[in-house]
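In what follows, a structure is listed as structure tokens, so that the remarks can point back to it.
The values are calculated or read from the model by the stated rules, or taken from the named source; none is laboratory data. Nothing here was measured: the structure is a model prediction, and the numbers come from that model. Heads up, the Cβs are rebuilt from the backbone with ideal geometry, glycines too, and the neighbour counts pull from every protein chain shown. Accessible surface is based on the protein model in full, side chains and every heavy atom, while ligands, DNA and RNA are left aside. Shrake-Rupley method; radii C 1.70, N 1.55, O 1.52, S 1.80 Å.
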Amino acid sequence: MDFRPIAEYEFDGYINVLSHVFAWDPKPEEVELERKQIELDRTVGAFDGDTIVGTGANLTFEMTVPGGSLPAGGVTAIGVLPSHRRRGILSEMMRRLLDDSRDHEEPLSILWASEASIYGRYGFGVTTRSARREIARSHAKIDGDRPPAVRLIDKDEALQVFPEIYENVRRRFPGMIARTPGKWEVDLADLESWRDGYTANRFALYDAGDGPAGYARYRIKERWEAGQPKSELLVAEVVAGDDSAYRDLWRFLFGVDLIETVKLRGRPTREPLDHMLADPRRLTTSIHEGIWLRILDVERALAGRRYRIDGSLVIEVVGPDDVAGRYLLEGGPDGADCRRTDKTPDIAVPVKELGMAYLGAFDFATMAHAGVVDGDQTAIRRADLMFSWHEPTWCTVGF
Ligand SMILES: CC(C)(COP(=O)(O)OP(=O)(O)OC[C@H]1O[C@@H](n2cnc3c(N)ncnc32)[C@H](O)[C@@H]1OP(=O)(O)O)[C@@H](O)C(=O)NCCC(=O)NCCS
């Protein structure tokens, strides 16, 4: 078995693997989009003779961390043909992809996992959480004394105005990923095969006179029953730069006629909407995992975020050789420093669990009760006070 990057002329072989492992019959326009977002020099192919039997790739990203933003390699397109599974091909590809991230000086590696059982062994842990919500429109009324300052725009205008709004908002929420122009093109491509019976994307822009400050992207699935409108409105994205934009966008979405149910996808686990409805219990919620994170460079990762309170902590990172060791973290709301030390550790954390606590989505105390994190209660409490953050984790970008 040979492992090397996939060349341009071998791209069909790459698509062939993905089509087998994801039960996907690719359409030409889907192949074209895949080619647009993939960085061939950051791919890895497993070759059995001339045939590609395994694929993986890194995408170059920048991810928001509490109080900052860091380079992150986005692992994607992981697949091994069913004829070649469980021979160690994924493990070799992951070793190469994590090395590739280190070569690109990315302290973080991130991914969306198809199954929760795959990536823990490589040091990845869930680092953002995501809420799916649903409400009957009859219970979704939000009062207001004037019509929402929202207008509908087309895709070309959306591609022009959304990026600036998104870029400002994404810096607030740990886990958000910066979208490049190419990523915008892919995310708004809106191929027929992606719609699952819903309409094409509808784009709504909030502008109260001071320039665009928020947007919503949604689709509708039309349905009638016994002469009654029963359509569904699926909210793909609401990104608001300020509270007025946020309130008006939801007022607009909940005001669309002929809708029976509004479904919200990929929302943060805590948001103002819960306090804007007369009967919030009607807005049902299920919490799901978001993206997974592997810390590759502990010093850069921990120094690259800010902390909720001032404090210092000696952390023993338990795990593979590339990260194992003791680190002295001194940090607070204005910045942080982290370096290797030989001092006695306050807490001992596997790299996977450090990744889970890194953005504030999970706390050390709960992990200590589970027996996966060690340390006395005072140190664990200090660690949680430092690592927690005032905004929830969130990631709306798939890859
Ligand atoms: C997941 C997948 C890439 C694994 O590839 P593979 O080459 O068979 O994996 P490896 O042989 O390198 O397995 C390495 C280890 O992971 C385990 N493993 C691999 N896939 C697993 C899975 N889906 N669930 C649980 N364990 C898994 C193996 O048992 C092995 O464990 P070990 O080290 O204790 O022996 C492959 O099964 C696949 O393509 N699945 C469908 C597509 C998919 O889900 N891709 C991931 C997208 S995020």
Which listed pairs, of 155/263; 141/263; 230/263; 141/230; 36/183, have C-alpha distances above 19 Å, in listed order: 155/263
Prolate/oblate/rounded label for the range 298-387 (Cα gyration tensor, a/c 1.5): rounded
FRET E, pair residue 390, residue 48, Förster distance 41 Å, beta-carbon r, rounded to 0.05: 0.20
For the range 1-124, accessible area per residue (1.4 Å probe, heavy atoms of protein chains only), Å²: 46 Å²
Packing rank of 178-190, 205-217, where each peptide gets the mean count of other beta carbons within 10 Å, highest leading: 205-217, 178-190
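Run the helix sum for the chain: -39,500 (n - 2.57) per DSSP H stretch of 4+ residues, divided by residue count, reported at 222 nm to the nearest 500 deg cm²/dmol.
-7500 deg cm²/dmol
May I ask for the net charge around residue 86, where only other residues with Cβ less than 15 Å from the Cβ of residue 86 are counted and Lys, Arg are +1 while Asp, Glu are -1?
Combined, the nearby Lys, Arg, Asp and Glu give 0.
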Extended-chain gain in nm, criterion 0.36 nm per residue less alpha-carbon gap, residue 269 and residue 225: 12.5 nm
³J(HN,Hα) computed for each position of the range 378-389 - Karplus, 6.51 cos²θ - 1.76 cosθ + 1.60, integer Hz, glycine/proline x: 5, 5, 5, 5, 4, 4, 5, 5, 5, 7, 5, 9
Sequence-distant residues sharing a close amide H with residue 306 (under 5 Å, placed H): 67, 68
Qualifying aspartates and glutamates (Cα of each under 13 Å from Cα of residue 27; at least 8 residues distant if same chain): 12, 192
Probe 1.4 Å - accessible area at residue 22, Å² to nearest ten: 110 Å²
Cα-only Debye scattering, the chain: base-10 log of I(q)/I(0) at q = 0.06, 0.09, 0.11, 0.14 Å⁻¹: -0.27, -0.61, -0.89, -1.29
Percent accessible area from carbon and sulfur atoms, the chain, protein chains only, probe 1.4 Å: 46 percent
Spatially proximal lysines relative to residue 343 (Cα-Cα < 24 Å; intrachain offsets below 8 disregarded): 352
Ranked order, 84, 275 - accessible area, probe 1.4 Å, largest first: 275, 84
Theoretical FRET efficiency, 1/(1+(r/R0)^6), r = Cβ-Cβ of residue 161 and residue 189, R0 22 Å, to 0.05: 0.80
Karplus-derived 3J(HN,Hα), 6.51/-1.76/1.60, for each residue of the range 235-244, Hz, glycine and proline x: 8, 8, 7, 10, 10, 10, x, 8, 5, 5
1.4 Å probe accessible area per residue over the range 131-289, in Å²: 50 Å²
Inter-probe distance in nm under a simple model that places probes 7 Å from Cα toward Cβ, at residue 138 and residue 60: 5.4 nm
Per-peptide average of other Cβ atoms within 10 Å, ordering 309-321, 218-230 highest first: 309-321, 218-230
Residues residue 289 and residue 309, FRET efficiency given R0 of 25 Å [Cβ-Cβ distance, rounded to 0.05]: 0.35
Formal net charge of residues neighbouring residue 145 (Cβ-Cβ distance under 14 Å; K, R +1; D, E -1): +2
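Over the range 301-399, what is the percentage of antiparallel beta bridges among all DSSP beta bridges, to the nearest 5?
Restricted to the range 301-399, the bridges split so that about 80 percent are antiparallel.
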